[in-house]
Structures are given as C-alpha cells and as structure tokens.
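Take a look at the structure below.
Computed from the coordinates by the stated procedures, all read-outs in this text should not be read as laboratory data. Remember, predicted model here, so these are calculated numbers, not experimental data. Virtual Cβ from ideal backbone geometry, glycine too; neighbours counted across all protein chains shown.
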Amino acid sequence: MRQKLIAANWKMNKTLEEVNDFLHNFNYAEASNISDVKVLICPPHVYLFHLSEFYRDKGIAVGAQNVSAYISGAYTGEISASMLKSLSIKFCITGHSERRKYFGEEDKLLSEKINILLYNDIIPIYCCGELIEERKQGKHFEVVKTQIKNALFHLTPSQISNLVIAYEPVWAIGTGVNATPEEAQEMHAYIRKIIDNSFGSEISQKMLILYGGSCNSSNSKELFSCPDVDGGLVGGASLQSDEFLNIIKTA
Ligand code: PGA
C-alpha cells in the first residue's frame with residue numbers, strides 16, 4: 001500500500017509573523033502521528049531554513065516551491081539544488097502551472113530542474129494538468145501525456161522511482177471548482193498507466209500521484225478515497241493551520 005502524501009503549497013503567501021502564527025497553531029504532533037500519511041509543507045524560499053530547523057525530527061517534511069536549473073555561480077536571484085540539500089530539503093515542486101504561465105517554464109527546462117534535483121537527492125513533485133479549453137476539446141489525456149513524456153521519459157527507472165507526480169488541472173487551481181473524484185481517478189489511473197508502459201508495473205504501483213486544485217477538507221475525503229489518488233498538493237486551504245490539519249485527517 002502506498003503511503004499518502006499531503007503537501008502544502010503556500011505559494012507567495014505569509015509574512016514572517018504569519019508563518020510563526022502557523023507554526024504555533026498547527027498541531028504537528030497530531031499531524032505527524034497519523035499513520036500512513038506523510039505531511040509536507042512548501043513555504044516560500046525565505047522561510048525554508050526557519051521551517052526546516054523548526055520541524056527537524058518532528059515528522060513534518062519541508063519542501064521548496066522552485067529551484068534553479070543551474071548548478072551554481074553568477075545567476076542573481078536563483079536558488080540552487082545543492083543549497084536546498086544543505087538545508088535538508090527533501091522535496092521540490094516543479095512544473096507548477098503558475099511557473100509555466102507566469103515565468104515561461106517549459107518542459108525542457110523542467111526536465112533540467114528535475115535532473116539537478118535528483119542529483120541532489122531531492123524528490124521532485126512534477127505537476128501536470130490541462131487547461132479548461134483542452135479538456136473541453138477532449139485533449140486532456142494527450143496534454144498530460146506530453147508533459148510527462150517531455151519532462152520525465154529520459155529518466156532511468158531508479159531515478160523515476162524517486163519522483164512524485166501531481167495532477168493539477170489548471171481550471172481547478174484556486175478557482176473553488178475541484179475535479180470530481182471520478183475525473184481525478186480517471187486521470188490518475190491514466191498517468192499510472194503511462195508510467196507502467198514506460199517503466200514497468202513495479203515502479204508505477206509504487207509511484208505517488210497527488211491531486212491538486214481547490215482541494216479542501218470538504219472534498220478531500222472523497223478525492224483521497226480514489227484508488228489512484230495518493231494524497232494532495234494543497235494551495236489556498238493549506239494556509240490555515242486548522243483547515244490543513246482537517247485535510248490531513250481525511251487522508
Ligand atoms: P489551490 O492550489 O489548492 O489553491 O487550488 C493548488 C496548487 O496550485 O498547488
């Protein structure tokens with residue numbers, strides 16, 4: 001059985017004071033004690049050190065929201081994978097639709113980021129998902145397959161075993177309209193099949209495939225009950241400590 005992963009994606013939210021309020025209020029002891037559920041928080045870069053120190057040996061993992069595709073050197077404003085590694089960061093979101101849309105990140109660059117993360121023993125959470133027009137035109141399977149193929153198919157079986165996929169339909173992100181459990185299950189099973197066809201069933205059966213897009217404590221139980229949904233990448237609803245804990249409990 002796959003362990004569920006519930007990941008908070010804070011995006012560009014929270015001042016230091018608000019971060020400290022969350023750390024104070026979030027019942028990490030309860031969250032980390034729920035069996036078969038791993039909890040991950042991905043804050044903005046500036047708080048990574050703070051959170052990774054705070055949660056050291058407390059059963060909550062800390063992840064980054066982005067990484068540079070460069071190794072090191074004169075790249076003003078960038079954060080390298082080896083820097084993340086030196087803070088004991090174990091996960092990094094890549095390919096989020098907001099990075100694709102606002103920062104022009106394409107599959108080729110994302111494949112380079114994935115390589116550098118894996119080289120530094122950081123698990124990429126690779127996001128994929130279609131636009132609403134693509135779903136209306138019946139192209140959603142093709143779009144997701146292409147995103148996976150372009151960014152992941154060059155990996156070796158042992159590399160892809162250290163990767164998490166997040167299916168995040170773009171139309172569901174921050175809109176309050178989540179995919180139905182049927183829609184999520186259908187796409188997650190399809191993604192697992194893609195991995196199965198290229199890397200074999202041992203790898204596909206172990207791979208965690210998260211759902212993201214307007215996930216909250218009212219819909220998470222049904223979504224996480226789907227056989228191929230292994231947890232969630234939660235944006236807005238992860239900002240409130242009580243709500244995030246409630247989502248974790250439904251897993
Ligand atoms: P949302 O965001 O939960 O606010 O829809 C999810 C995400 O973008 O990862």
Task: Relative contact order [Cα under 8 Å, 6+ residues apart], the chain, whole percent - done: 21 percent
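Determine the gain in length on full extension of the stretch Ser88-Asp21; use 0.36 nm per residue of separation and subtract their C-alpha separation, reporting nm with one decimal. It would help to have the intermediate numbers written out before the result.
Details: separation 67, 0.36 × 67 = 24.12 nm, distance 2.28 nm.
Gain on extension, Ser88 to Asp21, equals 21.8 nm.
Computed over the Cα atoms, what is the radius of gyration of region 128-251 divided by 2.2 N^0.38 Å, N being its residue count? Don't skip to the answer; put the middle values down first.
Working: Rg = 14.4 Å, N = 124, 2.2 N^0.38 = 13.7 Å.
Here the Cα radius of gyration is 1.05 times the empirical estimate.
Quick check on region 1-77: take the gyration tensor over C-alpha atoms, sort the square-rooted eigenvalues as a ≥ b ≥ c, and tell me if it's rounded (a/c under 1.5), prolate or oblate. Please report the intermediate quantities before stating the final value.
Numbers: a/c = 2.37, a/b = 1.47, b/c = 1.62.
Oblate is the answer for region 1-77, as a/c is 1.5 or above yet b/c matches or exceeds a/b.
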Open item on the list: For a distance above 24 Å, tell me the whole-number percent of Cα pairs in the chain that qualify.
Closed with: 42 percent
TODO: Excluding residues fewer than 8 places away in the same chain, name every one of the lysines whose C-alpha is closer than 18 Å to that of Lys108.
DONE: Lys145, Lys149
TODO: Would you mind checking Lys58/Lys85; Lys193/Lys249; Lys136/Lys249; Lys4/Lys206; Lys139/Lys193; Lys90/Lys139 for any pair whose Cα atoms are more than 23 angstrom apart?
DONE: Lys193/Lys249; Lys136/Lys249; Lys90/Lys139
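In region 107-139, which trypsin sites (Lys or Arg not before Pro) fall in coil by DSSP and have 16 or fewer other Cβ atoms within 10 Å? Walk me through the intermediate numbers first.
Working: sites: Lys108, Lys113, Arg135, Lys136, Lys139; in loops: Lys139.
Passing sites in region 107-139 are Lys139.
Tell me, which longest segment in the chain has none of the GluC sites (Glu not before Pro) that fall in DSSP loops with at most 16 further Cβ atoms within 10 Å? Before the final figure, lay out each step's value.
Numbers: sites that count: Glu78, Glu106.
It runs 107-251.
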